[in-house]
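Please treat every number below as a calculation from the coordinates, not as lab data. For clarity, every value in this text was computed on a predicted model and none was experimentally measured. For neighbour counting, all protein chains shown are included, and Cβ atoms are generated from backbone atoms with ideal geometry for every residue, glycine included.
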Amino acid sequence: MTAPVLDVRDVRLRRGTREILRGVTFTAGRGEIVVILGPSGSGKTTILRAIAGLDRHDSGRIAVEGGRAGMVFQFHCLFEHLSALENVCLAPVHAHGVRKDAAIARGRELLAAFGVEHRAGALPRELSGGEAQRVAIARALAVDPHVLLLDEPTASLDPDRRAELGALLLDLARQGRTLVVATHDEDFARLCASRTLRLADGVLGVVQA
Amino acid sequence: MSQIAKRFIQLLNAARARPLAAAGLGISLFVSSSSAFAQTPPDFRWAGDAEGGAPFVEADPSRPDVVSGFDVDIAALLARGLHRTPRFVMITFSSIDQSIARGDAEIGLSGIEDTPARRAALSTTLPYYEFREVLSVRTADAARFRTLEDLRGHKVATLSGTIAYEILLRAERDHGIDALSYDDDVHPYSDLVLGRVDAVLLDNVLADRRRRFISGFTIQPGTVAVGHYVGVLSPANAPLRDACNEILRTAMRDGTLERIFRRWNVWNDEQPKLHARLLAGDQVAPVVGFDTSGSTASLSAVDATRRYLPALLRASVITLILSFLSMALAVAIGVLIATGRVYGGRTIRAVLTAYVELMRGTPILLQLFVLYYGIAAAIRLPAFAAALLGLALNYAAYESEIYRGALHAVPNGQLEAGRTLGLSEVQILTLVRGPQAFRLALAPMTNDFVALLKDSSLVSVLTVMELTKQTQIFATNLGSWVIPGTLCAALYLAMSLPLAAVASRLERRWKAATS
């Protein structure tokens with residue numbers, strides 16, 4: 001068996017006196033979609049933030065193949081002052097040394113792959129929720145992370161858009177990307193999860209399909 | 001009441017916050033507290049400027065309501081002759097004419113020059129003292145700068161609103177000198193010794209006095225022009241003027257005036273000649289040796305406006321250049337301060353916070369004085385540079401607060417998105433946080449720029465010939481603020497209204513963008 005792309009071992013994280021993660025352990029392999037279920041406030045987002053390196057965990061270890069995990073925030077967090085295409089190209093050009101024309105070509109490709117190439121010049125505030133999410137996914141993928149984290153991706157989607165997103169994520173998994181999705185949407189978990197974990201009291205349990 | 005007043009004056013004095021303000025306040029309290037005594041003869045209210053100092057009018061440092069000087073003695077002489085009690089009213093020198101016309105005091109006595117303009121606008125007494133306009137230069141330059149003609153291309157300073165300033169303006173046209181006007185008669189001499197100016201033209205009484213305190217300059221023996229000191233009264237007060245003239249004539253005849261001037265060491269050979277001519281009934285011309293017919297005061301309002309408008313426009317350009325440059329510098333420094341306060345360590349944050357609070361918590365006027373005069377011994381900044389730097393350093397504090405607020409207003413999610421994409425903190429600041437904060441800061445910045453445009457008028461105290469300073473000179477020479485004030489206001493509005501429009505447009509655009 002090949003080594004997991006994402007390896008989370010006994011991660012503990014406290015905020016103040018409250019222990020939010022009390023020994024979280026799971027792995028994700030290549031092409032796998034791991035869905036973490038749990039009510040709001042259970043610490044799903046905290047797991048993703050710890051994996052993304054935004055929150056420091058107190059103990060345990062997190063290993064991500066390729067160094068850094070990509071993150072799609074619940075509220076997208078697109079750079080407000082940049083167009084959709086500029087959002088996608090910013091990091092490749094400035095943080096990863098990609099030439100500008102190459103980055104733009106790849107950015108357009110990504111936007112096209114998610115059906116939002118016609119919105120390339122639009123500012124984030126001009127995009128619909130679904131469009132903004134697709135741009136945010138494109139932005140995260142533009143720097144080629146092996147692991148993509150999605151926080152409550154269905155929160156602002158109607159059922160049709162939710163099905164489309166599910167198909168899109170399955171597509172990404174088929175291309176070899178590893179996905180971790182935090183959600184409280186059980187239907188969405190059934191739609192696309194290769195494995196579902198349930199977070200309760202700061203620890204994960206396996207959900208029987 | 002008077003006990004409380006005294007205590008208040010002592011406190012003000014101890015604080016030494018503004019000796020002049022303390023003096024003015026002290027006097028007004030004194031006047032109001034003494035008005036309770038109905039039996040005392042009506043006060044003879046006379047106006048002078050204690051900042052002018054000895055030998056004219058000088059305030060006792062420990063008791064600002066007590067003044068001394070030859071003008072004080074002459075006021076006492078007049079009061080005695082009128083069987084009234086002299087009461088000193090502190091008025092800024094350049095405002096004495098207007099104050100007399102308004103009725104703040106009955107007579108102004110403070111080394112006030114006899115000019116055709118004063119004779120036309122006010123009642124003037126007999127000239128009681130004759131002075132000579134003399135040129136002072138650094139001792140090392142005594143051989144090469146003997147007259148105004150020798151000073152082509154050099155800066156010559158004087159007190160604003162004086163005959164000497166009119167002479168310098170004429171010399172600017174005739175001999176190519178650079179005339180500089182100060183609001184007091186001390187700094188022209190200190191700047192002369194420092195090398196900021198190359199000569200000072202003022203009357204011999206002021207020059208002699210200054211030489212007792214400042215060394216390093218020489219008074220040239222030549223006389224540039226001859227003038228006289230007079231008392232000024234409102235035009236409606238001619239009977240009182242005539243009574244004062246009679247008292248002055250008697251004092252000339254019986255030697256009282258001579259004793260007063262001897263007491264203050266300003267008696268010389270010119271005075272008995274002047275007194276003899278006056279007692280013989282001769283007319284004495286206000287100024288000898290300088291043709292005052294071309295002066296602004298003798299022009300009609302329209303002609304005066306036509307004459308001064310180019311100067312006002314030039315001064316507006318100075319105001320604009322000064323404002324743009326200092327704003328640019330303030331923005332640059334403000335960005336650095338804000339960045340330091342948001343990202344810096346504890347020490348950097350503490351130092352920058354102290355700077356911002358110091359700049360916002362002290363008057364900009366004081367900062368300008370310190371920058372120009374206070375540190376002159378160590379760093380001798382030219383007036384324009386000091387003005388530019390003073391405005392920039394002050395406004396940088398305010399700008400930094402705008403940027404700090406704007407940086408904090410950028411949502412954390414924007415920064416975290418940058419981090420997950422692998423951008424460094426510096427890149428997040430320059431590519432994400434900075435540009436977004438700048439948009440938020442744009443409208444308040446434009447508002448601040450309008451404020452700076454108007455605050456730039458404060459640098460007139462550093463002899464920078466910007467719009468307000470030029471207006472002041474115009475008003476002093478014209479003897480009225482109506483036309484100069486209106487023109488000045490129109491020019492400031494012409495500069496600030498477009499900026500205000502830009503500010504509100506930016507604000508609207510940003511509001512539309514964020515809603």
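Observations, loosely collected:
- Relative intensity of chain B on a log10 scale, I(q)/I(0) at q = 0.09, 0.13 Å⁻¹, equals -0.76, -1.31, per a Debye sum over C-alpha point scatterers of equal strength in the absence of solvent.
- At least 24 Å along the helix axis (C-alpha) and Kyte average at least -1.0, DSSP helices within chain B: B:301-343, B:383-409, B:434-455, B:482-514
- Dipole axis of the range B:72-117 (+1 Lys, Arg; -1 Asp, Glu on Cβ), positive-most option in B:THR85, B:SER99, B:VAL72: B:THR85
- For A:THR196, the amide hydrogen comes within under 5 Å of the amide hydrogens of A:VAL35, A:VAL207, counting only partners 5 or more places away or on other chains and with H modelled in the peptide plane.
- Cross-link partners of B:LYS273 among aspartates and glutamates, defined as those whose alpha carbon lies under 13 angstrom from its own and excluding same-chain residues fewer than eight positions apart: B:GLU130, B:GLU258, B:ASP282.
- Backbone N under 16 Å from the A:ASP10 label point (7 Å along Cα→Cβ), restricted to the range A:51-69: A:57-63
- Ellipticity estimate at 222 nm from DSSP helix runs (n ≥ 4, -39,500 (n - 2.57)) divided over chain B, nearest 500: -18500 deg cm²/dmol
- For the range B:90-102, 3J(HN,Hα) computed residue by residue from phi via the Karplus equation (6.51, -1.76, 1.60; θ = phi - 60°) reads 7, 10, 4, 3, 6, 9, 4, 4, 5, 5, 5, 4, 6 Hz, glycine and proline entered as x.
- Note on the range A:93-168: Kirkwood hydrodynamic radius from all Cα pairs is 13.3 Å, rounded to one decimal.
- Modelled spin-label separation between B:LEU365 and B:ASP254, with each label point placed 7 Å from Cα along the Cα-to-Cβ direction: 4.4 nm.
- With each label modelled as a point 7 angstrom along the Cα→C-beta vector, the B:SER95-B:ARG146 pair spans 4.4 nm.
- Rg ratio (alpha-carbon, reference 2.2 N^0.38 Å) - the protein assembly as shown: 1.46
- Counting only the Cα atoms, the range B:301-514 fills a convex hull of 135 Å³ per residue.
- Within chain B, the longest run free of trypsin sites (Lys or Arg not before Pro) that sit in a DSSP loop with at most 12 other Cβ atoms within 10 Å is B:153-515.
- Between B:ASP291 and B:ALA243, the FRET efficiency from the beta-carbon distance, with R0 = 35 Å, is close to 0.60.
- Against the empirical curve 2.2 N^0.38 Å, the C-alpha radius of gyration of the range B:246-400 lands at a ratio of 1.83.
- Equivalent-ellipsoid semi-axes of the range B:48-118, from the Cα gyration tensor, Å, largest first: 18, 15, 12
- Efficiency of FRET from Cβ geometry, B:LEU279 and B:ARG84, R₀ 30 Å, rounded to 0.05: 0.75
- DSSP-assigned coil residues among chymotrypsin sites (Phe, Trp or Tyr not before Pro) in the range B:430-515, each with at most 16 further Cβ atoms within 10 Å: B:TRP481
- Its Cα centre serving as origin, the range A:80-144 has a Cβ charge dipole (Lys and Arg +1, Asp and Glu -1) of approximately 80 debye.
- For the range B:130-228, the square roots a ≥ b ≥ c of the C-alpha gyration tensor eigenvalues yield an a/c under 1.5, which makes the shape rounded.
- In this structure, A:LEU170 and A:ARG108 have a Cβ-Cβ separation that, at R0 = 25 Å, corresponds to a calculated FRET efficiency of about 0.60.
- Think of the protein assembly as shown as having a plus end and a minus end, set by charges on the Cβ of Lys, Arg, Asp and Glu; of A:ALA112, B:LEU279, B:VAL410, A:ALA112 sits farthest toward the positive end of this dipole.
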